[in-house]
Amino acid sequence: DTAVSQTPKYLVTQMGNDKSIKCEQNLGHDTMYWYKQDSKKFLKIMFSYNNKELIINETVPNRFSPKSPDKAHLNLHINSLELGDSAVYFCASSRRTGDNEQFFGPGTRLTVL
Amino acid sequence: RKEVEQDPGPFNVPEGATVAFNCTYSNSASQSFFWYRQDCRKEPKLLMSVYSSGNEDGRFTAQLNRASQYISLLIRDSKLSDSATYLCVVNDMNSGYSTLTFGKGTMLLVSP
């Protein structure tokens, strides 16, 4: 009965590859997010979707493309991976936009070699 | 640029100690404030909201000073299980939508 789940949990890949991370929430929430937490532990928002529509896109390189097939799913595809993309990527959801409590997934630890 | 600043620590304290974390935020228009907790290699989870009048939840007390743009968290009678990183979080408006801005966190290590 996991609330927010992500796959894979770990991802190790070579520079230049393309990879995807998947996220699903079973909370019935309207809003989903992608965050990046770098090696300095700084957690920064990348994207936010509300009912499958992109509402926030924080100056993220266009190699990163989120996709929300329905409001329970938010996937992240990354093209041409670079060393600096190595980080933990967290998916989160909230009941609606502006809700203060966000529920985070367990994170995907991406290592680019 | 909207920022949330915290002392990174780590704060090393013995069990039973009282410890206080401070946080400052740069956006005077910020509306709401929180403390999240993140255990090692885990996801962040909401610990408590912070209200202007100050609020308490068991051993945890949060305070907000809007004039100084300062938030604090006090933990009394520290337990081993309190060891974690405590993230100060502010709700800001971003392109017409509210978003959470996270501080880098303060690490707490409680030892026996």
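Quick notes
- Each 5 Å bin, from zero up to the one with the longest distance, holds this percent of the alpha carbon pairs of region B:44-112: 3, 14, 22, 25, 19, 10, 4, 2, 1, 0.
- All Cα pairs of the protein assembly as shown, percent lying beyond 23 Å: 49 percent
- Counting only Cβ charges, +1 for Lys and Arg and -1 for Asp and Glu, the dipole size of chain A around its Cα centre is about 180 debye.
- DSSP bridge orientation in chain A - percent antiparallel, rounded to nearest 5: 90 percent
- Region A:5-113, relative contact order [Cα under 8 Å, separation at least 6], %: 37 percent
- Counting only other chain Cβ atoms within 10 Å of each residue's Cβ, the peptide B:102-112 averages 2.
- Relative intensity, log₁₀ I(q)/I(0), of region A:1-67 from a Debye sum that treats every alpha carbon as a point, q = 0.14, 0.26, 0.28 Å⁻¹: -0.51, -1.44, -1.45
- Burial ordering of B:78, A:39, A:93, fewest other beta-carbon atoms within 10 Å first: A:39, B:78, A:93
- Lacking any other cysteine beta-carbon closer than 4.7 Å, the following Cys residues of the protein assembly as shown have no compatible partner: B:40.
- Region A:31-106: radius of gyration over Cα atoms, expressed as a fraction of 2.2 N^0.38 Å: 1.06
- When you restrict to C-alpha pairs under 8 Å that are six or more residues apart and normalise by the size of chain B, the relative contact order lands at 37 percent.
- Averaging the Cα positions of each part gives two centres, and for region B:21-43 and region A:20-96 these lie 20 Å apart.
A short reminder: the numbers here are calculations on the coordinates, not readings from a lab. Fair warning: this is a prediction, and the values are worked out from it, not measured in the lab. Methodologically, a virtual Cβ is constructed for each residue, glycine included, from the backbone with ideal geometry; neighbour enumeration extends over all protein chains shown.
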